[in-house]
Amino acid sequence: MDYPWEDLTLSFSRTSMFPFFDIAHYLVSVMALKQQPGSVTVAWNNPLSSWLSAMLHCFGGGILSCILLAEPPLKFLTNHTNILLASSIWYIVFFCPRDLVSQGYSYKPIQMLAAGMKEVTRTWKIVSGVTHASSYYRNGWIVMIAIGWARGAGGAVVTSCEQLLRGDWKPAGNEWLKMSFPSKVTLLGSVLFTLQHTQHLAVSKHDLMFLYTIFLLMVKVRMMIKKNIPITFAPIEDTLSRMLFGWQQQFSWAEKKPDVKPSSNGTASSVSKPTTEGPGAAKRHAKKED
Amino acid sequence: MDYPWEDLTLSFSRTSMFPFFDIAHYLVSVMALKQQPGSVTVAWNNPLSSWLSAMLHCFGGGILSCILLAEPPLKFLTNHTNILLASSIWYIVFFCPRDLVSQGYSYKPIQMLAAGMKEVTRTWKIVSGVTHASSYYRNGWIVMIAIGWARGAGGAVVTSCEQLLRGDWKPAGNEWLKMSFPSKVTLLGSVLFTLQHTQHLAVSKHDLMFLYTIFLLMVKVRMMIKKNIPITFAPIEDTLSRMLFGWQQQFSWAEKKPDVKPSSNGTASSVSKPTTEGPGAAKRHAKKED
Amino acid sequence: MDYPWEDLTLSFSRTSMFPFFDIAHYLVSVMALKQQPGSVTVAWNNPLSSWLSAMLHCFGGGILSCILLAEPPLKFLTNHTNILLASSIWYIVFFCPRDLVSQGYSYKPIQMLAAGMKEVTRTWKIVSGVTHASSYYRNGWIVMIAIGWARGAGGAVVTSCEQLLRGDWKPAGNEWLKMSFPSKVTLLGSVLFTLQHTQHLAVSKHDLMFLYTIFLLMVKVRMMIKKNIPITFAPIEDTLSRMLFGWQQQFSWAEKKPDVKPSSNGTASSVSKPTTEGPGAAKRHAKKED
């Protein structure tokens, strides 16, 4: 039974992302750009600017990991094949007669297929990020986690910066640092692959790639089918928080700080408020704050 | 006839920018800084901050190309001669008794001479940028174009970021990405020199440097003489847009997008609206939108 | 008499910052973070974001100097011991039962001891910055001064950028470039150590480290005892300004610029207004503007 499994996971890990999975990734990224208000007008008036935004959306994670490792941020421009592919996707998405591509993309099965294939590329990016960072710092496991995370989910950071510079987005409060669900999932994957790389996890890389990708796909499909019931890590986060930060409740009793904003942040973020789950007698007070 | 031409262009390409052309470039840059509201007060109250802004204005293009190639952004500070020259220019511009330098600069012939000499340095910067990038990525022609562009016209990006950090400038909408005419001219030059470098253009480097510089000077002189009739690439851009994006008009008929802002962007930006020039029957509808 | 002095300064210069001085530095930095409005709530709701902010506060100077020298900004994450130490400090400061650490820190002697030890680390950072830059650019004394300054006082720049990205801070006017007193003191130290390194100052490194640290400690203790009488370099700055920029007053007579804001900037910044100290007859006019 092992051997077919080995064959399956090995073949899977050797699949090339080019061209089909890359196409799906670029398509989802450029469609996300297109759905921003005003992006179509920008494409008509200033195609170069629109093309640049599209490249940042498609290659943002790689650009961020280059910046963090002091490699040239323009390195992605040397891969002419992928640039040509991404540019073609941008071109047909924005300038297709009768907007055929957008209309085709609006069908749910097409969206789910593209999103699923994009999630597969996420695994590849995390793995390549961890491996690349380990070539710089052999034992720098924190750096490996950070670079794996940047490659897998850093695109959002780069595009937010671009919007900030364009004046289309103003960070409000801690919005910048609220981790989206894809971001948390990528961090989890980065930790797992780093543990595997430093041989703290007794599983082979190809097996982990396969299992993690299956997990990503299941989560993505469920999220797209049942949009009104979001998936969060809340139960796990609650447990972790209780273990690590559980005595915060006593802290909040001892010091009433004027800068505590009880419920607003708690509902907005999907991280649970550890203070509300403090041990024992703190529970009643916690319920009042909720 | 060839030999005198060869001699002329060769001698021209071997001209050193130091010191006279560099002086002109620093003078124009520092005078541009001085004309910003509040800059004189800053120079009086916080000379170090004013000096830093002046350095960013003078060396901004080089700093940006260093950042894009992951070289130390402070590298420009190692060229002590140029730093001393630029600092001296800053000093006499801001602190000259009776503001003699600014008064002298207000004479049109002086401005035209300085601006013309600054345009000559633009050619040298583009060439050095393309050559430098090719030493990193031998076949990376997109990177060469980008670095040539950054060296030649990237100063505006760096000074805008500095103003953003200082709170003196807030990007509004797509202002950040509207390319100014110098920016477009630099991009054109960067493309030409890259094509020449990769031997896709059958012209020697010194000939191209000479011809491009003559073109820059003619354009600059005309712009300074006839300020109310701006030069744009609009005819060329219209043609290119029609060829590449011509069928957008059918697109706009099929989908009425609420984020289309018909005329305001068209007049503000010097890039023509390709949609208004769609083939055939689209022309009448285009005229209505203009 | 020399030998005990030599021994004293040599032993002092060989003192390791780890662990006690580093602990003091991390404690002061994390307490500074904790005193920002809303930081406690962030720590409860999004511990990862709070931890990241704490790391930026603790290692900001090193991160900035890495960026300026095109080294990986994540390099600080490879020093696992210091990361663990800083993370522990963050943990006990934010999550200690009954907030014991903050209460302990509120006692003046504890604050003074921690602040004094942090000032000692400032000397070490400046020295390591100057030495590190000299390994890149042997004769680049401006770069050495800049990197020494960045390491010693650059943390404020990094944390301001982080707050800017978070939306918690908007730069207003030239606030960004008003140098705080610690910043000026660090610049002075950086200049001194660079002069010593390039052998323009006839004093050994360990002697200079000792003397500069004593100076920092005296200044810090005096500032903490007499908070209402701030220390400035105003007398020295006045003298320097009069020498370098003294003739500005004639300039202001010749050109009345509408963007001169006479008294507001002068009182806000601790840099004197050189124009108010112009030679001779300019004094009366200066007094009117003050």
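Of all the residues in the range C:134-172, those that are within 22 Å of residue C:210 (Cβ to Cβ) and small (Gly, Ala, Ser) number 4.
Output the number of residues of the range A:175-222 satisfying the condition of being within 14 Å of another protein chain (Cβ to nearest Cβ), among the polar types (S, T, N, Q) and part of a helix (DSSP H, G or I). Count: 4. Inclusion of residue B:48 among residues that are over 21 Å from the mean Cα position of the chain (by Cα), facing another protein chain (nearest Cβ under 10 Å) and of a type in the set (A, V, I, L, M) is warranted. Listed by first and then second residue, the pairs linking a residue in the range B:188-200 that is touching a residue at least 24 places away in the same chain (Cβ under 8 Å) to a residue that is of a type in the set (Lys, Arg) and surrounded by fewer than 18 Cβ atoms within 10 Å (Cβ to Cβ), with Cβ atoms under 8 Å apart and 6 or more places separating them unless they lie on different chains, are B:193/B:205; B:197/B:205. Just one of the listed residues (A:159, A:131, A:194) is farther than 19 Å from residue C:48 by Cβ and modelled with pLDDT of 95 or more, namely A:131. With respect to being exposed (fewer than 13 other Cβ atoms within 10 Å of the Cβ), within 29 Å of residue A:68 (Cβ to Cβ) and under 24 Å from the mean Cα position of the chain (by Cα), residue C:19 fits the description.
Give me a count of the residues in the range B:9-41 that are charged (D, E, K, R) and touching a helix residue (DSSP H, G or I) at 6+ places or on another chain (Cβ under 7 Å).
So the first thing to find is which residues in the range B:9-41 are charged (D, E, K, R), and the list is B:14, B:22, B:34.
Still in the list and also touching a helix residue (DSSP H, G or I) at 6+ places or on another chain (Cβ under 7 Å): B:22, B:34.
Of the residues in the range B:9-41, 2 are charged (D, E, K, R) and touching a helix residue (DSSP H, G or I) at 6+ places or on another chain (Cβ under 7 Å).
Screening residue C:71 against (1) touching a helix residue (DSSP H, G or I) at 6+ places or on another chain (Cβ under 7 Å); (2) at the interface with chain A (Cβ under 8 Å from one of its Cβ atoms) leaves a single unmet condition, (1). Within the range A:84-95, identify whether any single residue is on the phi > 0 side of the Ramachandran plot, modelled with pLDDT under 95 and more than 17 Å from the chain's Cα centre (by Cα), and answer yes or no. The answer is no, given that none of the residues of the range A:84-95 is on the phi > 0 side of the Ramachandran plot, modelled with pLDDT under 95 and more than 17 Å from the chain's Cα centre (by Cα). The residue that is farthest from residue C:49 (Cα to Cα), among those in the range C:147-156 that are part of a helix (DSSP H, G or I) and under 10 Å from the mean Cα position of the chain (by Cα), is C:149.
Note on the range A:34-44: residues that are surrounded by 19 or more Cβ atoms within 10 Å (Cβ to Cβ) and touching a residue at least 60 places away in the same chain (Cβ under 8 Å) total 1. Selection within the range B:70-116: residues that are among the charged types (D, E, K, R) and either surrounded by 16 or more Cβ atoms within 10 Å (Cβ to Cβ) or touching a Cys at 6+ places or on another chain (Cβ under 9 Å) (or both). The member of this set that is farthest from residue B:217 (Cα to Cα) is B:71. In summary, residue A:162 fulfils each of the numbered conditions (1) of a type outside the set (Phe, Trp, Tyr); (2) surrounded by fewer than 18 Cβ atoms within 10 Å (Cβ to Cβ); (3) within 13 Å of chain C (Cβ to nearest Cβ) with the single exception of condition (2).
Applying a threshold of 9 Å to beta carbon distances and a minimum spacing of six or more residues, or different chains, the list of pairs starting in the range C:45-67 at a residue that is under 25 Å from residue C:129 (Cβ atoms) and ending at one that is among the acidic types (Asp, Glu) and outside any helix (DSSP H, G or I) reads C:65/C:71.
Taking the conditions exactly as written (in contact (Cβ under 8 Å) with a residue 40 or more places away in the chain, under 30 Å from residue C:161 (Cβ atoms) and crowded, with 20+ Cβ neighbours inside 10 Å), does residue A:156 satisfy them or not? In short, no. If the condition is being within 19 Å of residue C:18 (Cα to Cα) and at the interface with chain A (Cβ under 8 Å from one of its Cβ atoms), then the range C:83-103 contributes only C:83.
In the range A:63-83, the condition of being in contact with a Lys or Arg (Cβ under 7 Å, 6 or more places away or on another chain) and under 28 Å from residue B:140 (Cβ atoms) is met by at least one residue.
Once the range B:104-138 is narrowed to residues that are under 30 Å from residue B:198 (Cβ atoms) and in a loop (DSSP other than H, G, I, E, B), the residue that is nearest to the other protein chains (Cβ to nearest Cβ) is B:137.
The values are calculated or read from the model by the stated rules, or taken from the named source; none is laboratory data. Note that the coordinates shown come from a computational prediction; the quantities given were computed from them, not determined experimentally. All Cβ positions, glycine included, derive from the backbone under ideal geometry; neighbour counts span all protein chains shown.
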